[in-house]
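The values are calculated or read from the model by the stated rules, or taken from the named source; none is laboratory data. Every value quoted in this text rests on a predicted model; they were computed, and no experiment measured them. Cβ atoms come from the backbone with ideal geometry, glycine included; neighbour counts cover every protein chain shown. Areas reflect the complete protein model, heavy atoms only, side chains present, ligands, DNA and RNA absent. Shrake-Rupley method; radii C 1.70, N 1.55, O 1.52, S 1.80 Å.
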Amino acid sequence: MPFEPLSPAALVRSDRWPRGATGLRYGGDYNPEQWPREVWLEDIALMNEAGINLVSIGIFSWVLVEPREGEYDFAWLDDLFNLLHDAGIDIDLATPTAAPPAWFWKKYPAARPVNREGVQLSGGSRGIVSPSSPEYRRAAANITEQLARRYADHPALVLWHVHNEYGAPISESYDDYSVAAFRIWLQKRYGTLSGLNEAWGTTFWGQRYGEWDEIDAPRLSASVTNQTQRLDFKRFSSDALLECFIAERDTIRQFTPDIPVTTNFMATNCLSADYWKWSREVDIVSNDHYLVAERPDNHILLAMDADLTRSFAGGAPWILMEHSTGAVNWQPRNIAKTAGELARNSLSHLARGADGILFFQFRASRYGAEKFHSAMLPHAGTDTRAWRDVVELGATLARLASVRASRVRARVAILWDVESFWAQDLEWRPSVELDHRERIEAFYSALWNRGVTVDFAHPATDLHGYDLVLAPSLYLVGPAAAANLTDYVRGGGTLVVSYFSGIVDEQDAVYPGAAPGALRDVLGLAIHEFRPLRENESVDLSDERSGSGWTDDIHVSTAEVLSRYLDGPAAVGPAITRNSFGSGSAWYVSTRLIGHDLDSLLGEVLTSIGMSTEPMPGIEVVTRTSDRGDFTFVINHTNADATHPATGTELITGETISDTVTVPAGLTRVVHSVPTETA
Ligand code: GAL
């Protein structure tokens, strides 16, 4: 099967970075237009006190810069630029295209987005406009050009922040412009109608198309809509938004070719954009992350989000564009951060490759939808834990300046392909227990608990640099990815695959023959029937583990059976297998293992590749390396002091560490060890 793995180089952008400050970047979104000018002066003095050196401005200010179509008012923004510059604070200037003015919505009603249920959505908020609307694209290009012309030569401008969180809160619009653009996108993808009919399997339920203009967006219909059509509409919607980004970026580049351009991703939290694709188009990857506050393991989910972001960045430094100092305002229960959590969260992002730590937002809003959201400067002012923490974090980041541009190296990768989420999350799957995210989180958490640093990788990327690759329930695996994974194992890699992986190709069509069609050979087995479990049912395995959710009727060809089902619908067949294939091996785990059972299995897999690890719950250890030496971050998420072997200089306290660093409960230590030849 011909395939060309994506070279990692294709994903690694040049090391572009905001000019100016040589250390780390620190700051947040700044929305001073909500306050009188005297407050700006106070803000800027406080920013200096906290060591803030970068703020994102203008994100939602379209109507203030262009109060009427074609009429501009830059006076307030000029003033702000100059005030910030005079205070030594650099600017990340946003294009305000996530929030078109009221005049736009009134004049161009056809640009209003329509949801899947057919409801046309209005302005008065922020977020999506029909990305295919020519009126929107024209207006967005215009305001972008006006801003770029105006501030191209301003010395405070160091970064462009295009739009805000493309794809949130929704990414799909079912308006007429989008339908027309979808047809063109399909023509490019399939060439002919017969190609489309075949790819979409339209003989099923008599859905064959005779003309292109019979094709609609996959609106809500009486029963399940064509699943490939839905998958393609998700692809199209991500591409349509990406086109909007590229158009703005290219406008900007005409005026400021040397200023990097970014847009803020939401790595694990927005599954509507294909960020592998998007990452190739931005100069710097930046990301927004908010804790799932009620989950006790939210610091592990944070780490996962940061590792995914670094992977999108191809390992290059990235910017944490937004996170919160305390509670957000949009979760069912908005839990405040505990003492020390703000610093631990920030330093965990830093440990995992972020070279800029920014928050939403500098000063809390008095009015509007986000008045109950925390900020760097809370409503209660400067005599607060939040403000003291913000000032202290600024000082800590200054002490950690030498970490800048060092890189995280991982020997283990988890496969991540948003298309697999898109496909699996459609209706009528074999069990509601199938949950791709749950499996990724479970595998990631088990590795986190053993201190194993993980990259994420697209399944069609060159994986040869990794000793271990994990596919936690990767349902959709296209032929190129299948060949790539097979080649990886043949060449000596170790692959761990969990149930319901490699079932369909990129059209969401089941591979011919027994499951898992994409991975049958490399796993050395065939699944004759899925045997999902009932709610709350569990099964015992011969290795003393137990599983839930899912089992398979497995028939091995070349795989070795490591454990069998003792009971349940797949008894007494294989449960966990390992296949020697070429110079590598491929493990298959056919049921949902959790807790100790999953941990011990991954412990065995790690041992098999020569990585001996021990569970170290609550202690996060990550190393960033550079030619200036290693920076080992030890973050103590527990209530007891912890120790970790290290030698060098601790950068936060300045202490010399001879063989063990002590990390007090809830705190972080960063040990810099100089390379031996220069020590
Ligand atoms: C982000 C958004 C910010 C702010 C923040 C609140 O998703 O980009 O503008 O709304 O959430 O948590």
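A compact table of results
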item: All positions within region 245-274 that are open to solvent by 10 Å² or more (accessible area, probe 1.4 Å), under 19 Å from I128 (Cα atoms) and assigned to a helix (DSSP H, G or I); result: I246, A247, R249
item: Residue tally, condition more than 24 Å from L602 (Cβ to Cβ) and more than 26 Å from the chain's Cα centre (by Cα), over region 477-520; result: 7
item: Near pairs, Cβ below 9 angstrom, 6+ apart or cross-chain, from region 19-37 (outside any strand (DSSP E or B)) to any residue that is surrounded by fewer than 16 Cβ atoms within 10 Å (Cβ to Cβ) and β-branched (V, I, T); result: P32/V39
item: Number of positions in region 344-374 that are in a loop (DSSP other than H, G, I, E, B), touching a residue at least 60 places away in the same chain (Cβ under 8 Å), within 16 Å of the ligand (Cβ to nearest atom) and touching a helix residue (DSSP H, G or I) at 6+ places or on another chain (Cβ under 8 Å); result: 5
item: Verdict on I143 being within 16 Å of the ligand (Cβ to nearest atom) and open to solvent by less than 30 Å² (accessible area, probe 1.4 Å); result: no
item: Checking A665 against (1) exposed (fewer than 14 other Cβ atoms within 10 Å of the Cβ); (2) closer than 30 Å to A515 by Cα, the condition it does not meet; result: (2)
item: Search result, residues across region 385-407 that are polar (S, T, N, Q) and open to solvent by 20 Å² or more (accessible area, probe 1.4 Å); result: S402
item: Failed criterion for L533 (all others in (1) in contact (Cβ under 8 Å) with a residue 60 or more places away in the chain; (2) in a loop (DSSP other than H, G, I, E, B); (3) open to solvent by less than 10 Å² (accessible area, probe 1.4 Å) hold); result: (3)
item: Residues of region 63-78 classified as in contact with a helix residue (DSSP H, G or I) (Cβ under 6 Å, 6 or more places away or on another chain) and part of a helix (DSSP H, G or I), total; result: 1
item: Among the residues listed as G568, G603, the single one being assigned to a helix (DSSP H, G or I) and of a type outside the set (A, V, I, L, M, F, W, C); result: G603
item: Total residues in region 555-612, condition more than 28 Å from the chain's Cα centre (by Cα), modelled with pLDDT of 95 or more and more than 22 Å from D521 (Cα to Cα); result: 10
item: Pair list, Cβ under 6 Å, 6 or more apart: region 410-427 residue open to solvent by 10 Å² or more (accessible area, probe 1.4 Å), other residue among the hydrophobic types (A, V, I, L, M, F, W, C); result: A410/V454; E419/L476; W422/L231; E427/V224
item: Qualifying position, being open to solvent by 10 Å² or more (accessible area, probe 1.4 Å), within 14 Å of the ligand (Cβ to nearest atom) and either at pLDDT 95 or above or under 23 Å from L93 (Cβ atoms) (or both), among L301, L291; result: L291
